[in-house]
1. Using R₀ = 30 Å, calculate the FRET efficiency as 1/(1 + (r/R₀)^6) where r is the Cβ-Cβ separation of D62 and D215; round to 0.05.
2. Once amide H atoms are built 1.01 Å from N in the peptide plane, which residues 5 or more positions from G169, or in another chain, come under 5 Å H to H?
3. Mind checking which of V178, P32, G85 is farthest towards the positive end of the chain's charge dipole, using Cβ charges of +1 (Lys, Arg) and -1 (Asp, Glu) about the Cα centre?
4. Given the protein chains as shown and a 1.4 Å probe, how many square angstrom of F87 are accessible, to the nearest 10?
5. Which of the three applies to region 54-136, rounded, prolate or oblate, going by the alpha-carbon gyration tensor with a ≥ b ≥ c and a/c under 1.5 meaning rounded?
6. Report the label-to-label distance for E154 and F35 in nanometres (one decimal), using points 7 Å from each Cα along the Cα→Cβ vector.
7. Output the relative contact order of the chain, whole-number percent, from Cα pairs under 8 angstrom with separation of 6+ residues.
8. About the Cα centre of region 31-126, how large is the charge dipole given +1 on each Lys and Arg Cβ and -1 on each Asp and Glu Cβ? Please answer in debye to the nearest 20.
Amino acid sequence: MRSAMKHAWDLSEQEAITLQQEWAGKVSLETPERFAVRRVAGVDVAYDKNDDRLIAAVVVLDADTLEVTETASASGKPSFPYIPGLFSFRELPPVLEAFERLEAMPDLIVCDGQGVAHPRRFGLASHLGLLLDTPTIGCGKTRLIGEYEEPGDERGSTSLLLDRGETIGYCLRTQNGVKPVYVSAGHRISQEDACHWILKLAPRYRLPETTRQADQWVKRASAQWTS
């Protein structure tokens, strides 16, 4: 799986911020016509406790049964420092390498993080979506920015996530009475469709199966890479 867009990774902090500002204007929040999802992927990144190595995992699920159909992982040394708001520059190189090891590209990617719910409207999901030219969604366990009203207690209840009057995502209750998740479109999908898909991918638990399976796989991959 080759990248659709490319840029250098050995950037300074200001160069990375400038790239975010420029590429944010390329993000599309419109779902493609005849959008059919058969393969949906989850992405996760783990930090090796013994050194500064990153381990990335991609897990592909059947969109209907939510059964795992393919997995891939990669490991690498980060070339970018740990700076809030710029995590994608640190974490995406091994993620892209893992995607290159897949037999077929997924139709939709869900990231454990942010899409446009980001100070510069360019979170990890948006960054990855542009690089791969693939619909992506950010689904975070915690809120990065924005204000919202608490949604209802029932599964499927939502409230708008707003930043200075702009809708940047949704606060979504995926299960009755559990903490909500924070959903934002990454690239090539609407905010409404992003919310719809996260709910569809979370039939039993708070987090979507893409995130749960990717978290489990990256732990297995970490054990293999560090053994």
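1. Step by step, r from the Cβ atoms, then E = 0.95.
2. Hits under the 5 Å cutoff: L161.
3. V178
4. Taking all protein chains as shown, F87 has close to 70 Å².
5. Verdict is oblate for region 54-136.
6. Distance between label points: 2.5 nm.
7. 22
8. Using Cβ point charges on Lys, Arg, Asp and Glu, region 31-126 gives about 420 debye.
The values are calculated or read from the model by the stated rules, or taken from the named source; none is laboratory data. Just so it is clear, the structure is predicted and the values come from calculations on it, not from any experiment. Using ideal geometry, Cβ is built from the backbone for each residue, glycine included, and neighbour counts are taken over all protein chains shown. Side chains are part of the model used for accessible areas, which takes the heavy atoms of the whole protein and leaves out ligands, DNA and RNA. Shrake-Rupley method; radii C 1.70, N 1.55, O 1.52, S 1.80 Å.
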